[in-house]
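**Student:** Questions regarding the structure given below will be posed in turn.
The values are calculated or read from the model by the stated rules, or taken from the named source; none is laboratory data. Since the structure is predicted, the reported quantities are computational estimates derived from the model, not experimental observations. Heads up, the Cβs are rebuilt from the backbone with ideal geometry, glycines too, and the neighbour counts pull from every protein chain shown. Side chains are part of the model used for accessible areas, which takes the heavy atoms of the whole protein and leaves out ligands, DNA and RNA. Shrake-Rupley method; radii C 1.70, N 1.55, O 1.52, S 1.80 Å.
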Amino acid sequence: STVAFSRYLGLDIMDLFQPPVRSSHSRATCEVTTDGPRQISVWHTPAGDLRQVCPFSPGTNLWYTEEHFVKSPRDLPALAALFEDEVWELDPETAARLAARRALIGEDGIITVALPGTPLGQMIRVYAGVEAIAYLWADARPALHELFAVMADNHERLARLVAQAPEPEALVTMDDTSTSTQSPAMFAEFCLGYTDRLADLCHAAGKSYM
């Protein structure tokens, strides 16, 4: 494990663990089917359906996205409905594994918990892709702001729940994106306020925010 390997190298440990939570939906449902090597996921929400197609690549042993959930501004209300409908609750089994992991680390380091990336980063990497987000930025920016407010509320509800756990010293959000996929202006407009609010939330709970 990373804990044993860090100790072997004489390093301080910074472990990353999954959130000790589970989620559910009361009004949105997901239907998953297969078509050859393709997995087709369709979310049925009160505001419409969202469809994603992910083929499997035997050469890389990975799934990749061929068709994103969000293709045009018409899909934004359905994605907002999906995030609004999601309910987070503590998962006792994962919480117990988190506590055991913290005990394993002891005084040799810290444990952190991963949270979702920014709404903009999630749209680029998961829900829309680079091309669609570029058009939405140009043609439907007010609708993006409305969606991102709903996504941020979802993420903040999750963060408040995770911050109640005594084990993690820090909560971590990561965007595997860069200036090749989002401009400084996009980051300033969509992300700075979001990260400031999450930092304040974590600090109020006695946690660091990374």
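**Student:** Give the carbon-plus-sulfur fraction of the accessible surface of the range 38-77 in %, rounded to a whole number; probe 1.4 Å, heavy atoms of protein chains only. If you can, show how the numbers build up before the last one.
**Tutor:** Details: 1260 of 2330 Å².
Looking at the range 38-77 in its full context, I get 54 percent from C and S.
**Student:** Before rounding to the nearest 500, sum -39500 (n - 2.57) across all DSSP H runs of length at least 4 in the chain and divide by the residue total; then give [θ] at 222 nm in deg cm²/dmol.
**Tutor:** Taking each H run of at least 4 residues, the total per residue is -13000 deg cm²/dmol.
**Student:** Additional query: Write down the accessible area per residue of the range 4-139 in Å², having rolled a 1.4 Å probe over the full set of protein chains. Please list the in-between numbers first.
**Tutor:** On the way: 7520 Å² over 136 residues.
So the range 4-139 comes to 55 Å² accessible per residue, rounded to a whole number.
**Student:** For the range 92-180, give the percent of accessible area contributed by carbon and sulfur heavy atoms, probe 1.4 Å, rounded to a whole number.
**Tutor:** 55 percent
**Student:** Shifting gears a bit: Can you give me the span-like helices of the chain, meaning DSSP H runs with 27 Å or more of Cα extent along the axis and Kyte-Doolittle mean at or above -1.0?
**Tutor:** Details: long enough: 141-163 (31 Å, 0.08).
Qualifying helices: 141-163.
**Student:** Modelled label-to-label distance, Arg141 and Lys71, 7 Å Cα→beta-carbon offset: nm?
**Tutor:** 2.7 nm
**Student:** Evaluate Rg over Rh across the range 23-72, taking Cα atoms for both radii and Kirkwood's formula for Rh. Can you show the working numbers first?
**Tutor:** On the way: Rg = 12.5 Å, Rh = 11.9 Å.
Expressed as Rg/Rh, it is 1.05.
**Student:** A further question follows. Which one of Leu161, Ile40, Pro184 is farthest out on the positive end of the charge dipole of the chain, using unit charges on Cβ (Lys, Arg +1; Asp, Glu -1) and the Cα centre as origin?
**Tutor:** About the Cα centre, the residue reaching furthest to the positive side is Ile40.
**Student:** Also, I was wondering about something else. Among Tyr135, Tyr127, Tyr194, which one shows the highest mean-square fluctuation when the chain is modelled as a Gaussian network with alpha-carbon springs under 10 Å?
**Tutor:** Tyr135
**Student:** If you don't mind, there's one more thing I want to ask. Expressed in nm to one decimal, what extension gain is obtained for the pair Asp200 and Met14 from 0.36 nm per residue of sequence separation less their Cα-Cα distance?
**Tutor:** Numbers: separation 186, 0.36 × 186 = 66.96 nm, distance 2.18 nm.
Contour length minus the Cα-Cα distance gives 64.8 nm.
**Student:** Of (1) 1, 8, 17, 21, 21, 16, 11, 4, 1, 0; (2) 1, 6, 12, 13, 12, 9, 9, 8, 8, 7, 6, 4, 2, 1, 1, 0, 0, 0; (3) 1, 7, 13, 15, 17, 16, 14, 10, 5, 2, 0, which one was derived for P(r) over Cα pairs in 5 Å bins from 0, in percent from the structure shown?
**Tutor:** The listed entry that was calculated here is (3).
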